[in-house]
Amino acid sequence: YAEMRRSLQMPIVPNGFKMMSSSPAALAAYWAMYSTFVMNTVLPEPLIAMILYAVAESNDCRYCSTLNEASCRTFGIDDATLMALSRDLDNLSPQRVQAIVRFALMACHSPKELTREDFDRLHDQGLSDEEIVEIAFLAAFGQLNDILADTMQVDVDELFAAAQGK
């Protein structure tokens, strides 16, 4: 837990991580994937937070929505952007972020429907293949988080709920 608090730069270990401690193998695998990806991704942290928030909202995962909203707010993401991420992607700006979030949500919910045009749209926004793979990975990671939190009925951490007045 000390390594997690240090790496996450948080005073607590979130309940989502604690829930997995019932299985040391699951916790070790999850932490290895999380810490390796986060420490090595080329995607900026605010974008990661926005993608994970949009995925959690689209899956109606209360725990992950609350956690990722708190993360977004630490990066200065405002209410209008959070609303657009969860309910009105057409009003999300800049266009680059809108294209990224749309792609991530398609990767979550209908990956077989992705077309060459979807990839071209991201390339037209200046994204590299490395970034596109990481967006797809992040979408899948968000799905994993939501499935685990909902299946295990993880309680929202008081720290994150208090930050949003929930």
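The values are calculated or read from the model by the stated rules, or taken from the named source; none is laboratory data. Since the model is a prediction, treat every value here as computed from it, not as a measurement. Don't worry about glycine lacking a Cβ; one is built from the backbone with ideal geometry, like all the others, and counts go over all protein chains shown. Remember, those area values only see protein heavy atoms, side chains included, never the ligands or the DNA or RNA. Shrake-Rupley method; radii C 1.70, N 1.55, O 1.52, S 1.80 Å.
Here's the yes/no breakdown for (1) assigned to a helix (DSSP H, G or I); (2) within 24 Å of Ala163 (Cα to Cα); (3) of a type in the set (Val, Ile, Thr):
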{"residue": "Glu69", "(1), (2), (3)": "yes, yes, no"}
{"residue": "Thr81", "(1), (2), (3)": "yes, yes, yes"}
{"residue": "Asp90", "(1), (2), (3)": "yes, no, no"}
{"residue": "Arg96", "(1), (2), (3)": "yes, no, no"}
{"residue": "Ile100", "(1), (2), (3)": "yes, no, yes"}
{"residue": "Leu122", "(1), (2), (3)": "yes, no, no"}
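Suppose the filter is without any contact (Cβ under 8 Å) to a residue 24 or more places away in the chain and within 21 Å of Pro14 (Cα to Cα); does Gln98 pass it? Judged against the criteria, Gln98 is not a match. Got at least one residue in region 46-64 being touching a Lys or Arg at 6+ places or on another chain (Cβ under 6 Å) and crowded, with 16+ Cβ neighbours inside 10 Å? No, there is no match, as no residue in region 46-64 is touching a Lys or Arg at 6+ places or on another chain (Cβ under 6 Å) and crowded, with 16+ Cβ neighbours inside 10 Å. Take the conditions (1) among the charged types (D, E, K, R); (2) under 15 Å from the mean Cα position of the chain (by Cα); (3) not in a helix (DSSP H, G or I); Glu134 misses just one of them, which is (3). Checked across region 15-34, the condition of being of a type in the set (S, T, N, Q), open to solvent by 50 Å² or more (accessible area, probe 1.4 Å) and part of a helix (DSSP H, G or I) holds for no residue.
In region 107-131, the residue that is nearest to Gln143 (Cα to Cα) out of those that are hydrophobic (A, V, I, L, M, F, W, C) and either open to solvent by less than 50 Å² (accessible area, probe 1.4 Å) or without any contact (Cβ under 8 Å) to a residue 12 or more places away in the chain (or both) is Cys108. Does Asn91 satisfy the criteria of being open to solvent by 80 Å² or more (accessible area, probe 1.4 Å) and either in contact with a Gly (Cβ under 9 Å, 6 or more places away or on another chain) or more than 23 Å from Val156 (Cβ to Cβ) (or both)? When the stated conditions are applied, Asn91 passes them.
Does Ala84 satisfy the criteria of being more than 16 Å from Ala136 (Cα to Cα), crowded, with 19+ Cβ neighbours inside 10 Å and in contact (Cβ under 8 Å) with a residue 60 or more places away in the chain?
No.
Taking (1) open to solvent by less than 50 Å² (accessible area, probe 1.4 Å); (2) in contact with a Pro (Cβ under 9 Å, 6 or more places away or on another chain) in turn, Phe75 satisfies each apart from (1). Each residue in region 35-53 was checked for being in a helix (DSSP H, G or I) and touching a residue at least 60 places away in the same chain (Cβ under 8 Å), and 4 of them qualify. Checking each residue in region 143-157 for being open to solvent by less than 30 Å² (accessible area, probe 1.4 Å) and out of contact with any Cys (no Cβ under 8 Å at 6 or more places or on another chain) picks out Val154, Val156, Asp157.
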